[in-house]
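Below: the structure, in structure tokens.
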Amino acid sequence: MFIRASRSQGRTYLRLVEGYRDADGKSRQRQIAQLGRADALTEDKVHSIIRGLKRHTGLPLVDADTAHFEPSRSLGAPWLLTEIWRSLGLDKGLQQALRSSYRQFDLEGVIRAMVLNRLCDPSSKLGVLRWLERVHLPGVDLRSIDHNQLLRAMDALIEHREAAEAIVAHQLRPLLDQELSVVFYDITTVPIHGEHHVDGDLRQPGLSKDTHGIHRQFALGVIQTAEGLPIAHEVFEGNVAETKTLAPMITRLLERFRLERVVVVADRGLLSLDNVDTLEALGREQGLAVDYILAVPGRRYGEFTDLMDRLHPVLAEQAQAAGEEAVTETTWQGRRLVVAHNPERAAEQSANRRRRIERVDELGQRLAQRLDNQDAGKAGRGRRSSDRSAYQRFHKAVIEQRLSGIIKADLAAPRFHYDIDEAAWAAAERLDGKLLLVTSLNEREAGEIVARYRSLADIERGFRALKSTLEIAPVHHRLPDRIRAHALICFLALVLYRVLHMRLKADASLGLSSVERLLESLESVQLHQLHLDGEAIQGISMSAAQRDLFKRLEVRPPHRDTVA
């Protein structure tokens, strides 16, 4: 039997024809079945006919000699993240910003691969290549990507940094309130490897915000919206003073986004009177209303001792009467100062300080007793102590417990001696549980100012995601531009992370507590590929619950005809 084609009225029709011999032995042909129009026979129908014939004739459905199965590839998370990437317009935007005539590879696809890797399986650039062997990234020929292309893509990203960041800002601008945008700014430190120095080195020794020790690092500042969406970032040297980073970041923000009014909310480490003056000056220069809510590190300013002498009794009485946090306001340096008192937090801080003082005091008494015993001729265990060694050990304990303002050792005295400053102790307790905020928002209620600042706690989770889920550190790059490119890739990953977080938060019935749990739940969505008789046949394993999850996240589920 064979297939015969015939033409009628401009269309091609297919028939199944059988050859046979008649009674006279002459060769004849007869039609067995009419298969219909050739253009109506889809690939699925053809394969269905073939499988039906094999099934009813007992022939094997798959010829082991001609069939070849590719290893299955993870599709769920890469598909979801790619759809978010495309919905934000980052695919076409970066293609436009990074187009070049001398790069002969898919630059946007390579950058997308590195960004998605930070969310799915963060690792080194060589680790990205190993990850690409296990996943399917829609629209990207993963077999052609090599380590050199990853590095060239990073270089291109920084070479066209201004254009790339302008595209990102353009895509994110519709998500901002143009009339009044409340933005949160914070800065973190990122440890980095390497011993050698290069020109313009960002890797500088500085105080780590994680370990509080001195490490070689760089600093990363990020501005996020009130919803936690990252909209701007900047890389600084590892030893930069936090107070010096706020003005450049706000300047960058105002350049990227056409905002009528912006309210900057920042943590204690970023407050300085110079920063306040700079924010006010920026608003005048740009013709905008630039307001601020900045936390005040009260223990750094001696003038707050007198202020708390006056405010603490009133706040404590209000908190006790209401059974909750008390809020009041006054002025500081000619600006509005909002003060909140949390009695539970105050009790916790005071008890913790008392325990630390008692531990150091107990150490001091032991050291003094040992020296007295030696003077009386009573030998103790171990080496003989001296007043100098006692001072050194005691002073180290005071520093470690951060009590140098309360416990004072007289290092110049001939004999070991120390005092506990009861007045300083009492002053410190009056600051316990206090939140001090300096603000230019004079029309807002004091309670609203506190609530706005407290929102910073949720925003700070973005930094935790940078260091946990996205694993921005440790960094193995040494060139400043490569470090900046790495930070930009992590920033783009953080944008996708927070968009997913916002969608999860909008639908609590999904039952997924985090983006990490979401991506984990999609790991079993796999792409399978079979090569049979020179044809590639694709299939996707996906449960009904996973298909519904895609739809509820406003993402179309993957289909074998759309995953290429």
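For residue 125, which lysines qualify as cross-link partners when the Cα separation must be under 21 Å and same-chain residues fewer than eight apart are set aside?
Within the straight-line cut-off, residue 125 pairs with 467.
Below 8 Å, C-alpha to C-alpha, sequence gap of six or more: please give me the relative contact order for the chain in percent. Provide the component values of the computation, followed by the final result.
On the way: 795 pairs, mean separation 99.9, N = 564.
Relative contact order here is 18 percent.
Say the dipole of the chain comes from +1 at the beta carbon of Lys and Arg and -1 at that of Asp and Glu; which of 220, 157, 455 then lies farthest toward its positive end?
157
In Å², and per residue, what accessible area does the range 318-448 have when probed at 1.4 Å with the other protein chains present? Don't jump to the answer; show the numbers that get you there.
On the way: 7880 Å² over 131 residues.
Value returned for the range 318-448: 60 Å² of accessible area per residue.
Quick one: which of 391-404, 17-30 comes out on top by average Cβ neighbours within 10 Å, and what's the full order, highest first?
Details: 391-404: 15.3, 17-30: 8.9.
Ranking the peptides 391-404, 17-30 by packing returns 391-404, 17-30.
I need the per residue convex hull volume for the range 151-241, using only the alpha carbons, in cubic angstrom as a whole number.
Numbers: hull volume 12.0 nm³, N = 91.
Roughly 132 Å³ of hull volume per residue.
Can you list the aspartates and glutamates whose alpha carbon sits under 18 Å from that of residue 408, skipping same-chain ones fewer than 8 residues off?
Residue 408 reaches 358, 361, 362, 387, 400, 419, 421, 422, 429.
May I have the extent of the alpha carbons of the range 349-507 along their three principal axes, as whole Å values ordered from largest to smallest?
Rounded to whole Å, the extents work out to 74, 48, 30 Å.
Give me P(r) over the range 94-170, computed from all C-alpha to C-alpha distances, binned every 5 Å, as integer percentages.
P(r) for the range 94-170, in whole percents per bin: 3, 15, 29, 24, 18, 10, 2.
Treating the beta-carbon of each Lys and Arg as +1 and of each Asp and Glu as -1, no other charges, what is the dipole magnitude of the chain about its Cα centre, to the nearest 20 debye?
On the way: 80 positive and 78 negative charges, 396 e Å.
Here the chain has a charge dipole of around 1900 debye.
Mind ordering 134-141, 192-199, 549-556 by average Cβ neighbours within 10 Å, highest first? Kindly include the intermediate steps, with their values, before the conclusion.
Numbers: 134-141: 18.2, 192-199: 11.0, 549-556: 15.4.
My ranking of the peptides, most packed first, is 134-141, 549-556, 192-199.
Could you point to the residue in 550, 472, 333 farthest towards the positive end of the chain's charge dipole, with +1 and -1 charges on the Cβ of Lys/Arg and Asp/Glu respectively?
Towards the positive end, the residue furthest out is 550.
Relative to the longest principal axis of the C-alpha atoms of the chain, give the angle of the C-alpha long axis of helix 343-375, reported between 0 and 90° and rounded to the nearest 10°.
The angle comes out near 60 degrees.
Given Cα pairs under 8 Å that are at least 6 residues apart, what percent is the relative contact order of the range 369-474? Numbers along the way, then the final one.
On the way: 45 pairs, mean separation 13.6, N = 106.
Averaging sequence separation for qualifying contacts and normalising by length gives 13 percent for the range 369-474.
In debye, nearest 20, what is the charge dipole magnitude of the range 78-221 about its Cα centre with +1 on Lys and Arg Cβ and -1 on Asp and Glu Cβ, if you could check? Numbers along the way, then the final one.
Working: 16 positive and 19 negative charges, 63 e Å.
In debye, rounded to 20, the range 78-221 gives about 300.
Using the crude model of +1 on Lys and Arg Cβ and -1 on Asp and Glu Cβ, and no other charge, please compute the dipole size for the range 312-465 relative to its Cα centre, in debye to 20. Walk me through the intermediate numbers first.
On the way: 27 positive and 24 negative charges, 227 e Å.
Dipole about the Cα centre, nearest 20: 1100 debye.
For the range 418-553, how big is the tail of P(r) above 21 Å, as a whole percent of Cα pairs?
For the range 418-553, the share of Cα pairs beyond 21 Å comes to 69 percent.
Given a 1.4 Å probe and every protein chain left where it sits, what share in percent of the accessible area of the range 119-252 is carbon and sulfur?
On the way: 2970 of 5730 Å².
Answer for the range 119-252: carbon and sulfur cover 52 percent of the accessible area.
Counting only heavy atoms of protein chains, what accessible area per residue, in Å², does the range 177-240 have with a probe of 1.4 Å? Before the final figure, lay out each step's value.
Working: 2670 Å² over 64 residues.
Per-residue accessible area for the range 177-240 comes out at 42 Å².
Roll a 1.4 angstrom probe over the protein heavy atoms and tell me the percent of accessible area of the range 319-458 that is carbon or sulfur.
Working: 3710 of 8220 Å².
So the carbon and sulfur contribution to the accessible surface is 45 percent.
Pick out, from 100, 313, 6, the residue whose Cα sits farthest towards the positive end of the charge dipole of the chain, with +1 on the Cβ of Lys and Arg and -1 on the Cβ of Asp and Glu.
Looking along the dipole axis, the top candidate is 6.
For the range 119-165 and the range 384-429, what is the separation of their C-alpha centers, rounded to whole Å?
Measuring centre to centre over Cα atoms gives 55 Å.
Taking just the alpha carbons, could you work out the radius of gyration and Dmax for the range 1-125, both in angstroms?
Gyration radius and largest Cα-Cα distance of the range 1-125: 26.0, 79 Å.
Is there a pair in 92/244; 209/244; 54/551; 244/396; 92/551; 244/434 whose C-alpha atoms are over 28 Å apart, and which pairs would that be?
92/244; 54/551; 244/396
The values are calculated or read from the model by the stated rules, or taken from the named source; none is laboratory data. Quick caveat, the model's predicted, so the values are computed rather than measured. Using ideal geometry, Cβ is built from the backbone for each residue, glycine included, and neighbour counts are taken over all protein chains shown. These accessible areas exclude ligands, DNA and RNA; they are computed on the full protein's heavy atoms, side chains included. Shrake-Rupley method; radii C 1.70, N 1.55, O 1.52, S 1.80 Å.
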